[in-house]
Structures are given as structure tokens and as C-alpha cells.
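A short reminder: the numbers here are calculations on the coordinates, not readings from a lab. These figures come from a predicted structure and were not determined experimentally. Reconstructed Cβ throughout: ideal geometry from the backbone, glycine too, with neighbour counts over all protein chains shown.
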Amino acid sequence: MKILVTGGTGYIGSHTVLSLQEAGHDVVVVDNLANSSEESLRRVAELSGKTAAFHQVDLLDEQALDGVFREHAIDAVIHFAGLKAVGESVKEPLKYYYNNIVGTLNLIRVMDGHNVRRIVFSSSATVYGEHNPIPYVEKMEIGANNPYGRTKEQIEDILSDLGSADDRWHIALLRYFNPVGAHPSGRIGEDPQGIPNNLVPFIAQVAVGRREKLMVFGGDYDTPDGTCLRDYIHVTDLADGHVAALNHVADKAGVFRWNLGSGTGSSVLEVLHSFEKAVGRELPYEITGRRAGDLPAFWADASAALADLGWSTTKTLDEMCQDHWRWQKNNPNGYTA
Ligand code: NAD
Ligand code: UD1
């Protein structure tokens, strides 16, 4: 199939472009490069031996997007493009609502206009909010607790309403848990701009000497070692989950929701110690106050993706840290030479 990947130069997008090409699909990428670099796609092409067509297009520019659909006979869309920093979304909610929601509305209107009605959407475990018991199951009522998360929830609602109103749509809503790691080649990986918000990119920058020490946000949670538990998933497993979801919705109409996670939780200190093993030395850290909005623990019930898609995670936390470290060590400044 010919697949349009929005946000395809970004972290998860670039790994998914590679998985799609390896699975035999043709890929077209649109991205406005707000949080990524085209260098990721050059490296994906090195790895796959195939070049994805690239259009530097903002989803807010509906006409330009329409032009991409006129140029390529797209069969399905994987929609990653969006802003994703929770803290920034609290400070600048309109920027997040406008970019993520209007961008998605433009995309689905253009798709509809070109009779393309298969979409796989990047949602997030953050939609489960604060009130659900763990592990999270797809049928639970959702309700995010920050503007970023609410954009994901609202886009899920928009796509669900669309699927209910028009049975020609094939829609997969993928709720990711905590993606980390990098392609084992060390050629593509996560390249955060500024100070990383997330745990593993921060540890990686400590290891490479760009940050002094890890601040562990809270050591007094009611968990085995006092630090928060999360469900970390290797980005290549996540990318393969998209190919599996795409195969499922290729010939099945309707709205499907799947958690993409491993089904187990790891603590902040377990992640740190696994990363230390990969690096081969201890890394400096300090336990500090809790971060506002953090939940003590959550992980996925990953059984629906296994039952429906035959997909489950394959890589361990140690492999995630080894691969993340290889990428960071070989590219201390990310894609910037
Ligand atoms: P990323 O920032 O690396 O990739 C997102 C890409 O979208 C970037 O390349 C950015 O330039 C592009 N983009 C943003 N707004 C755009 C617009 N208006 N038009 C065109 N391109 C635009 O992030 P990622 O980690 O690869 O995440 C991909 C998707 O997965 C996002 O939707 C994110 O919210 C979601 N997600 C990520 C995580 C995570 O921890 N990384 C977890 C859950 C969900
Ligand atoms: C964060 C987002 C969440 C998003 C997810 C994946 C918040 C409040 N939540 O979740 O909406 O879906 O990323 O993108 O931002 N930690 C430290 N020190 C650090 C960084 C993190 O101790 O420097 C801890 C955090 O307190 C948390 C764990 O590490 O317990 C994982 O943090 P992070 O990688 O930011 O992911 P989430 O908190 O799950």
C-alpha cells in the first residue's frame, strides 16, 4: 500500500517509516519540521534502501495538504504529527488545541475529499487520566488531566464520531505507553530539542555529559522502591505495532482502540540502573520533589493487541537502554552534526 505518514521525520514516525518500508509499503511523509529534521529520513533510506517522498507541509495548511493527496494515490494514513510536551501544553493550551485538533480536522477532511478513509492515530496512555485502576484496559472511560492529553482525547472522540456516522471509515486509535530506545543500528533515535522532559532521553544526556545529573522526581511514592512505575516500550516494537494495526484496519471498517505497551511497570531507579549497565558505569542522580501531574504507577493491559493483532512487545528494558545509549553515544548532539 501507499501510506502517508504525518510527523514521519519525528522520533516514532521515522522508526515507523522504516518498519513500513521493510514490510513492503511505499511511504510518503509530511512534516513541518517543527520538532524534527529531514536527516532522520535520509538515515531511514540508508537503512531500508528505499526513499520516502518528503513534503515539508504543515497540517494547518489544508491546501498544501490537499496537494500532497493530489500528487500521490494514498491508501491509508498513519497520523503522528502533533505537539507533545505536557508542560508546554499547560502554559500554551491554545497552541496545542489549534495545532493538534485543527491539524487533524484538516487531515481527515482532505482524506475524505480524496476517498482515503483508513487512519491509524497516535493516541496516548495519558487519556486514561487519574481515576482509572491499573492496568489500563481499552474499555475504561477516558479523561485526561492536561491540555496535551485532552487534545488526544478529543481527537479520539472526533474520529470515533466519524466512524459511527460513516461506516466507510477504518480507524485505529493506538494508546502508546512510554516509548524509549532507538533502532539497533544507532542511526536513528530520539532527538529532543532543549532540556528533555522524559526520563530516558534525560538519562542519556547525563551519560553523554550534556547534563550534570538526573533529578529523580519523587522517592516517596507507594511503590517498591519509592519511585514511579511506567510501562516502557521499545520504539521498534511500537513501530511494528503500527504495521500490525494498519494490516488489521486495511480491510476492516470501524473504530478500534488498542493499548501498545508491554504490560509491566518499571521504576525510575530500575530504568536508571539498566541504563548504567548499558553505559558500563554509575550515573549521578539526586532524589528530589515530585513532578506536578505525575501518577505513582501505570501500565497497560496489552492483551487486546495480542488477541486482535497478534502483536506484543519483544524487547526488554535492558535492550531499550542499550539501543538508546548506542544512538546517544554515536550522535551526542542528535541529528545536528
Ligand atoms: P515528535 O515530536 O518526534 O514527532 C512529531 C512530529 O510531528 C514532529 O516531526 C513535528 O515536526 C511534526 N508536527 C507537529 N505539528 C505538525 C503540524 N502542524 N504539521 C506537520 N507536522 C507537524 O514526537 P514523537 O515522540 O515521535 O510522537 C509522535 C506522536 O505520538 C505524537 O502525536 C505524540 O503526541 C504521540 N505520542 C508520543 C509519545 C512519546 O512519549 N513520544 C507518547 C504517546 C503519544
Ligand atoms: C509523560 C507525560 C505523559 C506522556 C508521557 C509520554 C507528564 C506529566 N506526563 O509521562 O502525558 O504521555 O510522558 O510522552 O509530563 N522522571 C524523573 N526525572 C526526569 C524525568 C522523568 O524522575 O528528569 C520520572 C517521572 O517522574 C516519571 C518517570 O520518570 O515517574 C517517567 O517520566 P516521563 O518519561 O516524563 O513519562 P511519564 O511521566 O509517563
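For the reader, a short list of remarks on this structure follows.
- Reachable lysines from residue 50, criterion Cα separation under 30 angstrom, eight or more residues apart if same chain: 2, 84, 252, 315, 329
- Estimated purely from DSSP H runs of n ≥ 4, each contributing -39500 (n - 2.57), the mean residue ellipticity at 222 nm for the chain is -11500 deg cm²/dmol once divided by its residues.
- In loop segments of segment 101-197 as defined by DSSP, the GluC sites (Glu not before Pro) with at most 12 further C-beta atoms inside 10 Å of their C-beta are 130, 141.
- Antiparallel bridge percentage (DSSP; both residues within the chain; nearest 5): 5
- Cα-based convex hull, segment 181-337, per residue volume (Å³, whole number): 135
- Cross-link partners of residue 91 among lysines (Cα-Cα below 20 Å; sequence separation of 8 or more within a chain): 152
- Cubic angstrom per residue, convex hull over Cα atoms of segment 172-224: 164
- Debye log10 I(q)/I(0) for the chain, one point scatterer per Cα, at q = 0.08, 0.11, 0.14 Å⁻¹: -0.35, -0.68, -1.15
- Backbone amide hydrogens, once placed in the peptide plane, bring residue 5 within less than 5 Å of 28, 29, 30, 78, excluding anything fewer than 5 places away on its chain.
- 0 to 90° range, to nearest 10: angle between helix 39-48 axis and the chain longest Cα axis: 80
- Relative contact order of the chain, defined on C-alpha pairs under 8 angstrom at six or more residues apart (%): 19
- Of the GluC sites (Glu not before Pro) found in segment 271-337, those in coil by DSSP whose Cβ has at most 13 other Cβ atoms within 10 Å are 282.
- Between 0 and 90 degrees, the angle of helix 103-113 with respect to the longest Cα principal axis of the chain falls at about 30 degrees.
- Put a plus charge on the Cβ of each Lys and Arg, a minus charge on the Cβ of each Asp and Glu, and nothing anywhere else: the dipole of the chain about its Cα centre is then about 500 debye.
- Protection proxy ranking of 327-333, 289-295 - average other beta-carbon atoms within 10 Å, highest first: 327-333, 289-295
- For the peptides 195-205, 10-20, the ranking by mean Cβ contacts within 10 Å, running from highest to lowest, is 10-20, 195-205.
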